[in-house]
1. Can you find a residue that is crowded, with 23+ Cβ neighbours inside 10 Å, touching a strand residue (DSSP E or B) at 6+ places or on another chain (Cβ under 9 Å), under 17 Å from Met181 (Cβ atoms) and at pLDDT 95 or above anywhere in region 261-279?
2. Given the conditions (1) basic (Lys, Arg); (2) over 29 Å from Ile111 (Cα atoms); (3) surrounded by 16 or more Cβ atoms within 10 Å (Cβ to Cβ), which single one is not true for Lys209?
3. Filter region 41-68 for residues that are crowded, with 17+ Cβ neighbours inside 10 Å and of a type in the set (Ser, Thr, Tyr) and give the result.
4. Residues of region 31-40 being surrounded by fewer than 19 Cβ atoms within 10 Å (Cβ to Cβ), in contact (Cβ under 8 Å) with a residue 60 or more places away in the chain and over 17 Å from the mean Cα position of the chain (by Cα), which ones?
5. Can you pull out the residues in region 133-160 that are touching a strand residue (DSSP E or B) at 6+ places or on another chain (Cβ under 9 Å) and over 25 Å from Tyr105 (Cβ atoms)?
6. For the subset of region 7-30 comprising residues that are among the polar types (S, T, N, Q) and at pLDDT 90 or above, which member is surrounded by the most Cβ atoms within 10 Å (Cβ to Cβ)?
7. Name the helices (runs of 4 or more DSSP H) wholly within region 206-322 that hold at least 2 residues that are polar (S, T, N, Q) and over 21 Å from the mean Cα position of the chain (by Cα)?
8. Where the second residue is charged (D, E, K, R) and the first is in a helix (DSSP H, G or I) and lies in region 100-115, which pairs have Cβ atoms under 9 Å and are six or more apart or on separate chains?
Amino acid sequence: MTVIKKLFLFLFSPASVTVQAFTGTYGINYGRIANNILSPDDVVTLLRAAKIKNVRIYDFDHSVLKAFSGTGLELVVGLPNENLRDVSANADHAMNWVKDNVLAYLPDTHIRGIAIGNEVLGTSDEFSGFLLGAVKNVYNALDKLKLSHLVQITTAHSQAVFADSFPPSSCVFNDNVVQYMKPLLEFFSQIGSPFCLNAYPFLAYMNNKDQIDINYALFLPTKGADDPKTKLHYDNLLDAQIDAAYAALEDAGYGKMEVIVTETGWASHGDENEAAATANNARTYNYNLRKRLAKMKGTPLRPKSVLKVYVFAIFNENLKPGPTSERNFGLFKPDGSISYDIGFHGFKSSSADSSLLSLKEIRASSWSGSYSIILTMATALLLVL
């Protein structure tokens, strides 16, 4: 182990750091189910120009981990669903996975979280029985490596885990997930992990057009909705979806657990039966979401818990299966130009090379600063030993 890495583990020991995978309020998902998108190096340049610091990926691709090295961007890596069985069954495999895909890239790549699976519960039981075991084995590996207070463990849930989500106060977990959800929540409460929710007003509106005002889904002026039990008023659908999750957690006995939105977005293009999937609606949703998050406030039920959201996604992904909308959630087109204007500039496709900042210059500046800090701390540490 290098001197720098030993120093890193000493400085970021459990006694000195409380784990927090998400700093700030605005993050983004970096999906890569496409064959025409920018390289990871160019994505780093794009994100830094947009001043987006929090990033989630759905796997542990080493080209991405290397590209993020020395950038200061904070990354959540994913353990895909298909890996859950193996990691759940074998603690040594979990340890090797953590060593190869997390420890090997610290501290230069700021890996702040590991998402164990994605939307495992609620739709199919194919991986449900392996989720908790995988969570525990990965956490125990982190703990043995003295990383459990630096790297947070989570898993993201779709709204399929809920029943009766309107009004928000009536929401509870579906009967078919309770046997898996309860022990998972118990473990997460012990290690201080949040409840991660993929919440899409777009999908809720598409499935209930007759009952939901599209302005309510788009953060536009509307009469809103009232919860008769709590007497709380909701002026947008996302807040109601989040408070429904809080209500389900309260019912399950975990009302103090934080809810973080790990995916939300709006499609800019869709099939004939997806009339709401337009560039104008996507721009409206994402622009108003940024304004909502900039206010640094919580939801009606949890007003003091500042909302944290990862937007879906950086790119339109041309190889995603399903309806056309699935391939059109990107804030940026594959070449890095903007899909619509919400305040980000992006790359100009006609002159991409001339518009890019020098990645080497960015990295040199970032690494120089980080290295100086580490060197100073190392020198101070040696003086007192």
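The values are calculated or read from the model by the stated rules, or taken from the named source; none is laboratory data. What you see is a predicted model, and the numbers here were worked out from it, not measured in a lab. Reconstructed Cβ throughout: ideal geometry from the backbone, glycine too, with neighbour counts over all protein chains shown.
1. The answer is yes, given that some residue of region 261-279 is crowded, with 23+ Cβ neighbours inside 10 Å, touching a strand residue (DSSP E or B) at 6+ places or on another chain (Cβ under 9 Å), under 17 Å from Met181 (Cβ atoms) and at pLDDT 95 or above.
2. Unmet for Lys209, out of (1) basic (Lys, Arg); (2) over 29 Å from Ile111 (Cα atoms); (3) surrounded by 16 or more Cβ atoms within 10 Å (Cβ to Cβ): (3).
3. The answer is Thr45, Tyr58.
4. Passing the criteria: Ala34, Asn35, Asn36.
5. Of everything in region 133-160, those that are touching a strand residue (DSSP E or B) at 6+ places or on another chain (Cβ under 9 Å) and over 25 Å from Tyr105 (Cβ atoms) turn out to be His157, Ser158, Gln159.
6. Residues of region 7-30 among the polar types (S, T, N, Q): 13, 16, 18, 20, 23, 25, 29.
The next check asks that each one be at pLDDT 90 or above; those that pass are 25, 29.
Details: Thr25: 17, Asn29: 24.
Only one residue fits best here, namely Asn29.
7. Numbers: elements: 214-217, 237-252, 279-294.
In region 206-322, 279-294 are the helices (runs of 4 or more DSSP H) which contain 2 or more residues that are polar (S, T, N, Q) and over 21 Å from the mean Cα position of the chain (by Cα).
8. Matching pairs, first to second residue: Leu103/Lys5; Tyr105/Lys66.
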